1. Between (i) 1.32; (ii) 1.02; (iii) 1.05, which entry matches Rg/Rh (Cα atoms, Kirkwood Rh) as derived from the coordinates of this structure?
2. Given the options 140, 11, 80, identify the residue whose Cα lies farthest towards the positive end of the charge dipole of the chain (+1 on Cβ of Lys, Arg; -1 on Cβ of Asp, Glu).
3. Just to be sure I understand: with springs between alpha-carbon atoms less than 10 Å apart, which residue in 82, 43, 57 has the highest mean-square fluctuation in the Gaussian network model of the chain?
4. Work through the residues other than residue 100 whose Cβ is under 14 Å from its Cβ and net out their charges, Lys, Arg +1 and Asp, Glu -1.
5. Figure the gain on full extension for residue 137 and residue 62 (residue separation times 0.36 nm, minus the Cα-Cα span) and round it to one decimal in nm.
6. Within the chain, how many Lys pairs that are eight or more residues apart, or on different chains, come under 18 Å at the alpha-carbon?
7. In whole percent, and with a 1.4 Å probe on the protein chains, what portion of the accessible area of the chain is carbon and sulfur?
8. Just to confirm a number: summing +1 for Lys and Arg and -1 for Asp and Glu over residues other than residue 16 whose beta-carbon lies under 14 angstrom from that of residue 16, what do you get?
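The values are calculated or read from the model by the stated rules, or taken from the named source; none is laboratory data. Quick caveat, the model's predicted, so the values are computed rather than measured. Note that we place each Cβ from the backbone using ideal geometry, even for glycine, and neighbour counts take in every protein chain shown. The protein model used for the area step is the full one, side chains on, heavy atoms only, and it has no ligands, DNA or RNA in it. Shrake-Rupley method; radii C 1.70, N 1.55, O 1.52, S 1.80 Å.
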Amino acid sequence: NNSGAGSSGGNGGGIAFVLAKELRSNGYAILANGQAPAKASGDGGGGGGGGGVVYLDAKSSTDNLVIEAKGGNGGHVVNSADRCYGAGGGGSGGKVVSNLSLTSQSYTSGGQAGVNTVSSVQCSSPSNGAQAGENGVKSNLIPIPSSENEILVPTVLAMPSPVTGCEG
């Protein structure tokens, strides 16, 4: 009904670069999850934010590390009984890239579709066509090129004389 009561989409998960010799989670997790939007009171729910990217380069991990780059759930919408506004679709999962073995403790699932919170005969289903986000991916790390050698400042050995191409 164009009342401006719809919700914007959720924020995406961002990016996390972790470069370490030894990684200890100490019971914490690395999260780059998309967010769910606010509930809409009409006009339609926003989509879930996409999962982010986690880039992990570590020599070793000493405990059970949890990594997440999940998509946010789609936005719910409140219908009136005689209307059917669209719920938001789920955000897709992100990407986890690591040189450590990627166990079941790394999650890249897509977010679930939002639903209409008030039943209406106008709606074909609770999500009214909104779909869950696709799952993300896990992949092995291709290292960022680096060196422990000192970077040398270039020295100018000779410089050509200036030449004028056109006079006047």
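1. Calculated Rg/Rh (Cα atoms, Kirkwood Rh): the matching label is (i).
2. It is 80, whose Cα lies furthest towards the positive end.
3. Among 82, 43, 57, the largest GNM mean-square fluctuation belongs to 82.
4. Computed value for this residue: +1.
5. Roughly 24.6 nm would be gained on extension.
6. Final tally of qualifying lysine pairs is 4.
7. With neighbouring chains kept in place, the figure for the chain is 51 percent.
8. 0
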